[in-house]
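So the structure is just underneath, and the comments pick up after that.
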Amino acid sequence: MRCKDGDLAVIVQDFEGCEGNLGVIVQVVGPARYPRGTTLICWQIKPVKRRKLWLTGSGPTAKEYITKKNTALHPDAWLMPIKGTPAGVPDRAAIGHSASSTQAPALAGVEG
């Protein structure tokens with residue numbers, strides 16, 4: 001698996017009709033599972049910023065907000081985890097700032 005519970009990741013591939021989700025940063029929420037009708041292991045995801053995502057599932061493809069009742073699953077292989085500190089960005093812990101004060105809110109992709 002590429003991701004683990006709690007990771008931030010970028011959507012790098014999506015289902016037909018959901019290409020508008022490419023590049024969206026999401027939070028990965030575990031446990032990973034195999035949804036009915038697929039052989040791909042999937043994670044529940046939530047956009048880091050409140051926004052609608054293109055979802056497909058039992059009905060037509062539609063743009064919807066992800067909520068506690070309207071969850072989204074996305075294949076692990078189609079997510080690229082964001083690891084470490086980006087090049088050229090100082091590590092906040094190294095310059096005396098608390099990392100916990102800068103974490104993004106937990107909010108993020110395919111209907112399950």
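All of the numbers you see were taken from the coordinates with simple rules; none came from a lab. Predicted model only: the values in this text are computed from it and were never measured. A quick note on method: Cβ atoms are made from the backbone with ideal geometry, for glycine too, and the neighbour counts reach across all protein chains shown.
Cα gyration tensor of the range 1-92, axes a ≥ b ≥ c as square roots of the eigenvalues: rounded (a/c below 1.5), prolate (a/b > b/c) or oblate? Verdict is prolate for the range 1-92. Does the range 9-56 come out rounded, prolate or oblate by the C-alpha gyration tensor, with a ≥ b ≥ c the root eigenvalues, rounded set by a/c under 1.5 and, if not, prolate when a/b is larger than b/c and oblate if not? Since a/c reaches 1.5 but b/c is at least a/b, the shape of the range 9-56 is classed as oblate. For the peptides 33-41, 73-81, 48-56, the ranking by mean Cβ contacts within 10 Å, running from highest to lowest, is 73-81, 48-56, 33-41. With θ taken as phi - 60° and the Karplus curve 6.51 cos²θ - 1.76 cosθ + 1.60 applied, the whole-hertz 3J(HN,Hα) list for the range 64-77 is 9, 7, 8, 9, 4, 8, 10, 8, 9, 10, 9, x, 4, 5 Hz, x standing for glycine and proline. For Lys68, go through the lysines and keep the ones whose alpha-carbon is under 17 Å away, minus same-chain ones fewer than eight residues off. Qualifying lysines at Cα under 17 Å: Lys46, Lys49, Lys52.
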